Amino acid sequence: QVQLVESGGGLVQAGGSLTLSCAASGSIFSVLTMGWYRLAPGKQRELVATITSGGNTKYVDSLKGRFTISRDNAKKMLYLQMSSLKPEDTAVYYCNADIKKGMYTPYETYWGQGTQVTVSS
């Protein structure tokens, strides 16, 4: 079984910083692209950023410069550094990853359970 577990969410004041972590565990042969998404109340799930196994990153334009995605392939960890946080960044943040469980199995997309980030004004 494969699990993605996020941590690091919480309550922060506007202008503050927070770093989210996502740990992948279980029967993992290979991890391809990993990403962060967020779901705010009354809105659709939004892509925040993605990172390939080689370290290539993509960000939603509105978050460039404030959020930084990174990963540690050896530890199977994904991170999201968030700075200059705004109340509109309040959301549940989810990590996902494309994972192979074996050499001959296809990549499947897995999701974490989410971590709440609340930014107060």
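The values are calculated or read from the model by the stated rules, or taken from the named source; none is laboratory data. Because the structure is predicted, anything quoted here is derived from the model rather than measured. Glycine gets a Cβ as well: all are built from the backbone with ideal geometry, and neighbour counts include every protein chain shown. Ligands, DNA and RNA are stripped out before the accessible areas are found, and what is left, the full protein with its side chains, is counted by its heavy atoms. Shrake-Rupley method; radii C 1.70, N 1.55, O 1.52, S 1.80 Å.
Annotations
- In the condition set (1) closer than 21 Å to Ile99 by Cα; (2) open to solvent by 30 Å² or more (accessible area, probe 1.4 Å); (3) more than 12 Å from the chain's Cα centre (by Cα); (4) among the β-branched types (Val, Ile, Thr), Thr33 is compliant with all but (3).
- Residue check for Val119: β-branched (Val, Ile, Thr) and touching a Gly at 6+ places or on another chain (Cβ under 7 Å): no
- The lone exception for Gln44 - which of (1) at pLDDT below 95; (2) assigned to a loop (DSSP other than H, G, I, E, B) it fails: (1)
- The set of residues from segment 61-73 being modelled with pLDDT under 95 and not in a helix (DSSP H, G or I) comprises Lys64, Gly65.
- Within segment 77-93, residues that are over 28 Å from Val31 (Cβ atoms) and in contact (Cβ under 8 Å) with a residue 24 or more places away in the chain sit with their Cβ atoms under 9 Å from residues that are surrounded by fewer than 18 Cβ atoms within 10 Å (Cβ to Cβ) and aliphatic (A, V, I, L, M), at 6+ positions apart or across chains, in these pairs: Ser84/Ala14; Lys86/Ala14; Pro87/Ala14; Glu88/Ala40; Thr90/Ala40.
- The residue list Thr109, Thr118 contains one member that is among the hydroxyl-bearing types (Ser, Thr, Tyr), surrounded by fewer than 17 Cβ atoms within 10 Å (Cβ to Cβ), modelled with pLDDT of 95 or more and under 18 Å from Val5 (Cβ atoms), which is Thr109.
- Which numbered condition Ser84 fails, given (1) of a type in the set (S, T, N, Q); (2) open to solvent by less than 30 Å² (accessible area, probe 1.4 Å); (3) not in a strand (DSSP E or B): (2)
- All of (1) modelled with pLDDT of 95 or more; (2) open to solvent by 50 Å² or more (accessible area, probe 1.4 Å); (3) more than 10 Å from Cys95 (Cα to Cα) hold for Val5 with one exception: (3).
- Verdict on Leu11 being open to solvent by less than 40 Å² (accessible area, probe 1.4 Å), touching a residue at least 60 places away in the same chain (Cβ under 8 Å) and not hydroxyl-bearing (Ser, Thr, Tyr): no
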